[in-house]
């Protein structure tokens, strides 16, 4: 747990010093993604796209611009986005015949095409995805990767013949996103159905994935929307069923934010030494540091490292050798800050003993292994597992229940707080002045934290 | 060789019926990329990015918008692009303080950051790349994948301490692009240095890669620009050399167009049956067609196919089984049109003989193989090699030399024509009214095709 200011300082330093993003690009809210950032996102993207494609999603790419008439076709949707879209109005010095928005999300540009692709029930389901940027002119304080104006994500979009299939798809996507977040990125998550006032513009309801940042605020890292028939009605996505009757399709859309997932991965696992990257997404999984104080030792050490390299290659490990001029201590410091999960040290004594020294970033634990016993793949998967467990434990420790306002006040800002709400507007207001209502569990009774009347359980947190 | 109209009809039908792109998106020049198109581009992108990163390029992502003052900083550059950039002018209903262009290429948004990253000679070289779309409001007739207003590409950008290193980098990129085009996509290419009047705005010179389309026109599929110190001067990319002297960096930039590479791959290898995809980039490398006329045969055939599947899986082949209700002939037709390199047929007689029937898409050749001898990986690499050779042969047959205007007229529109030019403006005009001068070879003498005076060799073609 870090305070807001301490975390913010740490976070910005990590992004900068580890070449994740550079915020000096002269457009507010649009940083430059550098090597480390792009690589981690690439691993996420490939992992997610594979899962989606195994589930039958087709990859696709839709244009970045949406003509105004399409964006405005669904009333709730345009009302939700009209204040924050960027408009393209000119080409060269010539005004365009009609303005086009930079996509804030792609429902309205995709679904007219869905209508063209859908004739009979055999054309359904449609399940597509694309990894692209979307654009939202955030008026709130921007923060790199967390609240940007250019947002990297993957968006999935579907059309089904029945409501049941759409609901099934939502369950599948829940599993896929959970796998991405917990298996690959070791992030502990909660899945919450948002209150009605917080749903996606044009959706029946929205399910959100959140994790918890070190300063006690939750970060929404993905959403799934049940669109019902709102958009299929507007865009006329109709199919002929087996009896020749015309019916409207049922739709869902969803997306995790790659920038936010990156921010969460860096923040949730980080410590006072810097980043700690889960091995599965670490651009460098292992760094080899030669320890050479006397020049006469160099040849021996480097030739032994050559053998280590062969092993790492055969185990398909992403590794680097830091043979630079810095002192070993400076190298350790640098690679620890960059979050490299495993360090291999080789000095003259190690060569003598025919082993290497292994130092885990997650625990700091030091062990040795002979070349015969060097199973880096196994060590990395142990680290991956341990990091997942460590993060889960921290997350669970910061889940609270508050029976009264005093307790609610105490724990808000530390984590996610379960409490009660009578479902009356006048009690929602004071709660939402303290934090955000993440979800309302109508099946679970609880006394309202404000007025004490019978109510239902809600989850509240301070949020990004 | 097809005539222009015949090719155009064939090309559009392939894109549509094989779900490569859908041109019905309601913004001119911006089609929707569908499954087959996105997958082929993904294979290209991954292959290219790997080669670039092996050469030390870091992946990166720069914002899609470029503030007007940056875009306009280099005079030749803005003059070259100002008529065709899209301008973002508003967010919501509020005019932006300064207009921003959708990137037409990223020199002017990247190089101010290069200046921040460069202090001393140890900060160089900078070599980065990104796979993104760029935006150009083409006023010429648009054509899907070939002349679009949203262009998918990979762009590489560098800064070096010396001109020699920049020149070396150009040679490396020539090799990498050649590998992408000829090894992966089996495309025959020519590399030509463009005449001065045709270089990239702001470059010292431009090298272009072109291939030849079935209608006899060349298609430019990639370029490399030697930027000299034009941009480093404007954006102040300075480094301190080993002696403490301030010096300007030397720069290059380059990019192949993924859309055009896709267009070329489809067109160069296609035949009257449809697409023929090089195995390395075929989304489906092998289709298995069960031949079942009697229901009683089904179980036997499908269980044998199960064994074939195991083999394909172990050989990491991208395959599909077409067990649908259509007749085998209809299936053959469909998969041949989609360009699947190899078809495996299994009927009751094949099961009896314990073999499968193999049909190559490139030659139509039919062979059989027992399960023990089924090496699909080897067959696919033979097909890849044969397609490369077939295409190269066709390309070479369509390379001409013209000594007089009559011959030039005859061969223009069939392929690339070498001829002579006296280097005078008044003779360039009539030549360029017939075709485009791709390159000027000052080292090779040739008589001017117009006036007959001593001159140098040029290459001319009709171009896209």
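The values are calculated or read from the model by the stated rules, or taken from the named source; none is laboratory data. All values derive from a computational prediction rather than experimental measurement. When we count neighbours, we look across all protein chains shown, and the Cβ atoms used for this are built from the backbone with ideal geometry, even at glycine.
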Subset tally (residues that are closer than 19 Å to residue B:38 by Cα and free of Cβ contacts under 8 Å to residues at least 12 places away in the same chain) for the stretch A:88-120
1
With respect to residue A:96, determine if the residue is in contact with a strand residue (DSSP E or B) (Cβ under 7 Å, 6 or more places away or on another chain), farther than 30 Å from residue B:79 by Cα and more than 7 Å from chain B (Cβ to nearest Cβ).
no
Scan the stretch A:17-36 residue by residue and report those that are buried (at least 19 other Cβ atoms within 10 Å of the Cβ) and free of Cβ contacts under 8 Å to residues at least 12 places away in the same chain.
A:25, A:32
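Quick grid of which residues meet (1) in contact with a helix residue (DSSP H, G or I) (Cβ under 7 Å, 6 or more places away or on another chain); (2) closer than 22 Å to residue A:303 by Cβ; (3) in the same structural domain as residue A:39 (by TED's automatic domain parsing); (4) crowded, with 17+ Cβ neighbours inside 10 Å:
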| position | (1), (2), (3), (4) |
| --- | --- |
| A:328 | no, yes, no, no |
| A:337 | yes, no, no, yes |
| A:343 | yes, yes, no, yes |
| A:353 | no, yes, no, no |
| A:360 | yes, no, no, yes |
| A:365 | no, no, no, no |
If only one of A:106, A:148, A:91 is crowded, with 20+ Cβ neighbours inside 10 Å and out of contact with any strand residue (DSSP E or B) (no Cβ under 8 Å at 6 or more places or on another chain), which one is it?
A:148
Confirm whether residue A:262 is under 24 Å from the mean Cα position of the chain (by Cα), under 30 Å from residue A:343 (Cβ atoms), buried (at least 17 other Cβ atoms within 10 Å of the Cβ) and assigned by TED's automatic domain parsing to the domain that holds residue A:156.
yes
With the requirement that a residue be crowded, with 22+ Cβ neighbours inside 10 Å and out of contact with any helix residue (DSSP H, G or I) (no Cβ under 7 Å at 6 or more places or on another chain), what does the stretch B:156-180 give you?
B:166, B:169, B:173, B:177
Flag if residue B:20 is touching a helix residue (DSSP H, G or I) at 6+ places or on another chain (Cβ under 8 Å), facing chain A (nearest Cβ under 9 Å) and closer than 15 Å to residue B:143 by Cα:
no
For the stretch A:100-120: of the residues being at the interface with chain B (Cβ under 8 Å from one of its Cβ atoms) and assigned to a strand (DSSP E or B), which is nearest to residue A:256 (Cα to Cα)?
A:102
Within the stretch B:81-93, which residues are assigned to a loop (DSSP other than H, G, I, E, B) and facing chain A (nearest Cβ under 7 Å)?
B:85, B:92
What are the residues in the stretch A:178-212 that are within 12 Å of the chain's Cα centre (by Cα) and not in a strand (DSSP E or B), if any?
A:178, A:179, A:180, A:181, A:182, A:184, A:185, A:186, A:187, A:188, A:189
Assuming residue A:378 fulfils every condition listed in (1) more than 28 Å from the chain's Cα centre (by Cα); (2) more than 30 Å from residue A:7 (Cβ to Cβ) apart from one, which condition is it?
(1)
Residue A:4 fails exactly one of (1) within 15 Å of residue A:267 (Cβ to Cβ); (2) in contact with a helix residue (DSSP H, G or I) (Cβ under 8 Å, 6 or more places away or on another chain), namely (2)
Filter pass, residue B:305 being farther than 30 Å from residue B:75 by Cα, part of a helix (DSSP H, G or I) and touching a residue at least 60 places away in the same chain (Cβ under 8 Å):
no
Picking from B:390, B:384, the residue that is in contact with a helix residue (DSSP H, G or I) (Cβ under 7 Å, 6 or more places away or on another chain) and either closer than 30 Å to residue B:282 by Cα or in a strand (DSSP E or B) (or both) would be B:384
Sort through B:369, B:330 and tell me the only one that's free of Cβ contacts under 8 Å to residues at least 12 places away in the same chain and outside any loop (DSSP other than H, G, I, E, B).
B:330
Taking the stretch A:213-224 and keeping only residues that are part of a strand (DSSP E or B) and more than 24 Å from residue A:168 (Cα to Cα), one is left with A:218, A:219
Across the stretch A:25-53, what is the total count of residues that are away from chain B (no Cβ under 11 Å) and either at pLDDT below 95 or over 15 Å from the mean Cα position of the chain (by Cα) (or both)?
3
Those residues that are assigned to a helix (DSSP H, G or I) and more than 9 Å from chain B (Cβ to nearest Cβ), I need them from the stretch A:54-80; list them, please.
A:54, A:68, A:71, A:75, A:76, A:77, A:78, A:79, A:80
Any hit, the stretch A:233-251, residues being crowded, with 23+ Cβ neighbours inside 10 Å, touching a helix residue (DSSP H, G or I) at 6+ places or on another chain (Cβ under 8 Å) and closer than 30 Å to residue A:387 by Cα
no
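Residue-wise test of (1) in a strand (DSSP E or B); (2) in contact (Cβ under 8 Å) with a residue 12 or more places away in the chain; (3) farther than 24 Å from residue A:38 by Cβ.
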residue	(1), (2), (3)
B:122	no, no, no
B:129	yes, yes, no
B:132	yes, yes, no
B:138	no, yes, yes
B:152	yes, yes, no
B:159	yes, yes, no
B:168	no, no, yes
Test result for residue B:446, touching a helix residue (DSSP H, G or I) at 6+ places or on another chain (Cβ under 6 Å), more than 30 Å from residue B:280 (Cβ to Cβ) and without any contact (Cβ under 8 Å) to a residue 60 or more places away in the chain
no
